[in-house]
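Bear in mind that the values in this text are calculations on the coordinates, not laboratory data. Treat the numbers as computed from the prediction; the structure is a model and nothing was measured. So basically every Cβ, Gly included, is an ideal-geometry build from the backbone, and we count neighbours across all protein chains shown.
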Amino acid sequence: MNARVALVDIAMNNSGPKLTLAVWARNLFDEEHIYRRSNANGATLGDYANYNAPRTYGLEATVSF
């Protein structure tokens, strides 16, 4: 689950640019899933798998003129 919440069109002065502030998160619940599994090197290294990215989050500030 991903999420993003934003405050938009915040006036910076009377007739000038607008500000947008946002906070976002990917993989909000920090779930772990295998999205690729391979036994291509099974004889030498064994099976392996690739997992999805862990939880990430951030802030954004955007000015529009």
Taking the chain and dividing mean pair separation by its residue count, relative contact order in percent (alpha carbons under 8 Å, at least six apart): 36 percent
Potential lengthening between Ser38 and Val23 on full extension [0.36 nm per residue; Cα-Cα distance subtracted]: 1.8 nm
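Can you give the extra length, in nm with one decimal, that the chain gains between Leu45 and Thr62 once fully stretched, where that is 0.36 nm per residue apart less the Cα-Cα distance?
Separation in residues times 0.36 nm, less the Cα-Cα distance, equals 1.4 nm.
Report the local net charge at Ala22: Lys and Arg +1, Asp and Glu -1, summed over other residues whose C-beta lies under 14 Å from its C-beta.
Taking every Cβ under 14 Å from that of Ala22, the sum is +1.
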At most 14 other Cβ atoms within 10 Å and a DSSP loop assignment: could you name the trypsin sites (Lys or Arg not before Pro) in the chain that fit? Arg55
